[in-house]
Amino acid sequence: TIILGIESSCDDTSAAVIEDCILRSNVIASQKVHEAYGGVVPELASRAHQQNIVPVVSEAIRQAGIDKSQINAIAFTRGPGLPGSLHVGTAFAKGLALALGIPLVDVNHLHGHTLSHFIKEDEHTQVPGFPYLCLLISGGNSQIIKVNAPGDMQVLGQTIDDAAGEAFDKCAKSMGLPYPGGPIIDRLAHEGNPNHFKFAHPHVDGYNYSFSGLKTSFLYTLRDQLKLNPNFVEENKADLAAGLQKTIIEILMDKFSKAIADTGIKTIAIGGGVSANSGVREAVQQYADRHHLKAFIPKRSFTTDNAAMIAVAGYFKYLDHQYCDITLPPFARVTI
Ligand code: ATP
Ligand code: FE
């Protein structure tokens, strides 16, 4: 079975081809226009998707070495995401499915991140067994999800304010770093002392997260120190990054480990853009080793937005004959 996946929820235009979960191509055009604005500008994002969508899909089909006529179904991101961005991928997927006379499958972007471990690079790639516990940490979400089956997910906990990615990006922005700041903090943190600065830990019920208190305490530290020394950020950026990253990891692991212990689930996974973070990856792997769990840490290119994960999530729905109607509109605020 050959599935073409299309992803356009935020600022990456991506198309991928899979054959029974085995990756044949995964093309991603990242939009650079937003860097100067310190965040994604929706109107610019949808325009860039319009420019990229045809070349990106053509390139994915070319790299897969297939002909369009071999595609069995088209999977596209229905939401969550930016409405204007979602419209581009949705409309294109519909047009192509109609032209080829093949089924259309709508995919929840968050299911894509959560199922990204099923993208196989070859026949030998190991995939998680069910149920597994996935820590989904991205630009818009921080959730602990019990995955019972590809279409059966239970959210055990989630953020009550900012997502982990937002905490990285907003704190980085306050340091004067460009968007997205997460990967830059990751790089800087390698050279810094994580214990030089201390930032606030939240107290939240159950398995829920909160990152707004940390963000405020980070901002206050900068504000107070800049009064004393205008070069404070420049002179301490590595220590600030290391302290911030360490605190975010502690917050994430605190609730994730609690959920793992309480559910007794032996297979754990991480997904979403923040799971590219080297400190997060190390912490999850170490926890798994210490507690004799199997951890699935996705390849970095599958952590941030990509169409391969959408194709894989779509493949499972396709097997179940869960096709969608050609009139289905995008849904910006869909949840798991
Ligand atoms: P969602 O999936 O919730 O709709 P999104 O699609 O915008 O949100 P992703 O593309 O999954 O989010 O992830 C982007 C986020 O990942 C950004 O906040 C970015 O800073 C963060 N990120 C990427 N790489 C790293 C890294 N190495 N360390 C920390 N954060 C990172
Ligand atoms: Fe995403």
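Taking the stated definitions as given, is residue 98 more than 25 Å from residue 22 (Cβ to Cβ), in contact (Cβ under 8 Å) with a residue 40 or more places away in the chain and away from ligand 1 (no atom under 16 Å from the Cβ)? Here the answer is yes, as residue 98 does meet what is asked. Checked against the criteria, residue 191 does not count as crowded, with 18+ Cβ neighbours inside 10 Å, closer than 30 Å to residue 232 by Cβ and in contact (Cβ under 8 Å) with a residue 24 or more places away in the chain. Among the residues making up the range 104-124, a single one is surrounded by 24 or more Cβ atoms within 10 Å (Cβ to Cβ), within 14 Å of ligand 2 (Cβ to nearest atom) and part of a strand (DSSP E or B): 107. Note on the range 185-210: residues that are part of a loop (DSSP other than H, G, I, E, B) and closer than 15 Å to residue 251 by Cβ total 13.
Number of residues in the range 160-195 that are within 16 Å of ligand 2 (Cβ to nearest atom) and either touching a Cys at 6+ places or on another chain (Cβ under 9 Å) or of a type in the set (Phe, Trp, Tyr) (or both) equals 2. The combined condition, being over 19 Å from the mean Cα position of the chain (by Cα), under 30 Å from residue 86 (Cα atoms) and of a type in the set (Asp, Glu), is not fulfilled by residue 305.
FYI, it's all coordinate maths here, none of it is from the lab. Source: prediction; values computed, not measured. Please note: Cβ atoms are built from the backbone with ideal geometry, for glycine as well, and neighbour counts cover all protein chains shown.
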